[in-house]
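Only one structure is covered here, and it is reproduced in the block below.
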Amino acid sequence: MDLDVKDRDIVLVGNSVELMNYRFGRWIDLQDYVVRFGKGATLPENRENIGRKMDLWVTGALRWRYAVTNKTDPRRGWPNFPLGEIPILYNRCRIDLTDPIDDNINVDHVLMWTDEELLDIFDEFGVRNGERMDRRPSNGFLTILYFTRKNTNWKSLSLIGFDFFAKKYDEKSGEAYPSSWYKPINTITYTPHNTETERRYVQKLQRDGVLNWNILSNLKEELIHERE
């Protein structure tokens with residue numbers, strides 16, 4: 001499978017909590033090619049905020065099976081959603097790239113990066129393989145690298161709903177304050193990604209005119225209250 005993004009206007013819709021404070025649903029649905037991440041699939045109650053269109057679904061190595069096989073993760077309450085013919089961009093990144101993983105995906109998909117390519121990315125951004133505290137690259141960041149380095153024949157690339165984990169809800173979900181609107185149940189108290197490095201790198205891409213980052217507010221790290 002190949003991703004046909006030639007001359008397309010692509011928008012990557014991140015899962016930041018502050019996206020729920022705006023009604024960008026209609027704007028997102030009017031975009032040419034909409035990319036969504038993990039559990040950031042649309043649900044009926046948030047369509048005004050994030051829309052419903054999805055032309056590409058990006059999933060990581062740790063959780064792809066729950067949506068693809070229509071199984072439910074009993075620990076995290078994975079919401080099933082119909083993929084239909086929607087292509088999958090698959091991210092093999094994990095804490096230790098020497099550990100084998102079960103990624104025998106029985107549906108068509110595009111591999112984002114090989115393990116060898118991931119090791120090069122780890123080296124470039126100062127990540128030590130297998131070191132949990134060394135902040136592995138986030139799914140969103142690796143996707144941005146994919147579209148700016150590997151699959152680059154699009155017309156334009158935009159981001160919305162990205163703050164690189166700056167804003168978090170002020171009520172804990174599991175062990176930590178959630179930085180994604182769907183409130184993942186965290187089992188660790190820290191963000192497992194190098195947020196400052198990722199943020200600075202994407203800011204440079206913005207300054208260089210490579211992409212358009214729709215920053216919804218300041219990028220100050222703080223807790224915010226969920227709107228009713």
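The values are calculated or read from the model by the stated rules, or taken from the named source; none is laboratory data. These figures come from a predicted structure and were not determined experimentally. Because the Cβ atoms are built from the backbone with ideal geometry, glycine has one as well, and the counts that use them run over all protein chains shown. In case anyone asks, the SASA skips ligands and DNA or RNA and just uses the protein heavy atoms, side chains included. Shrake-Rupley method; radii C 1.70, N 1.55, O 1.52, S 1.80 Å.
Odds and ends about this structure:
- Within region 6-21, being more than 19 Å from Arg199 (Cα to Cα) and modelled with pLDDT of 95 or more holds for Lys6, Asp7, Arg8, Asp9, Ile10.
- Considering only residues in region 6-26 that are part of a helix (DSSP H, G or I) and touching a residue at least 60 places away in the same chain (Cβ under 8 Å), the one that is surrounded by the fewest Cβ atoms within 10 Å (Cβ to Cβ) turns out to be Asn21.
- Residue count for region 149-191, restricted to those that are within 19 Å of Leu219 (Cβ to Cβ), assigned to a loop (DSSP other than H, G, I, E, B) and in contact with a helix residue (DSSP H, G or I) (Cβ under 8 Å, 6 or more places away or on another chain): 10
- Test: residue in region 20-34 that is under 25 Å from Arg92 (Cβ atoms) and out of contact with any Gly (no Cβ under 6 Å at 6 or more places or on another chain): yes
- Residue in region 176-187 that is open to solvent by 40 Å² or more (accessible area, probe 1.4 Å) and at pLDDT 90 or above present: yes
- Looking across region 27-50 at every residue that is part of a loop (DSSP other than H, G, I, E, B) and modelled with pLDDT of 95 or more, the one that is surrounded by the most Cβ atoms within 10 Å (Cβ to Cβ) is identified as Gln31.
- Residue check, Arg207 closer than 30 Å to Asp9 by Cα, out of contact with any Phe, Trp or Tyr (no Cβ under 7 Å at 6 or more places or on another chain) and open to solvent by 90 Å² or more (accessible area, probe 1.4 Å): yes
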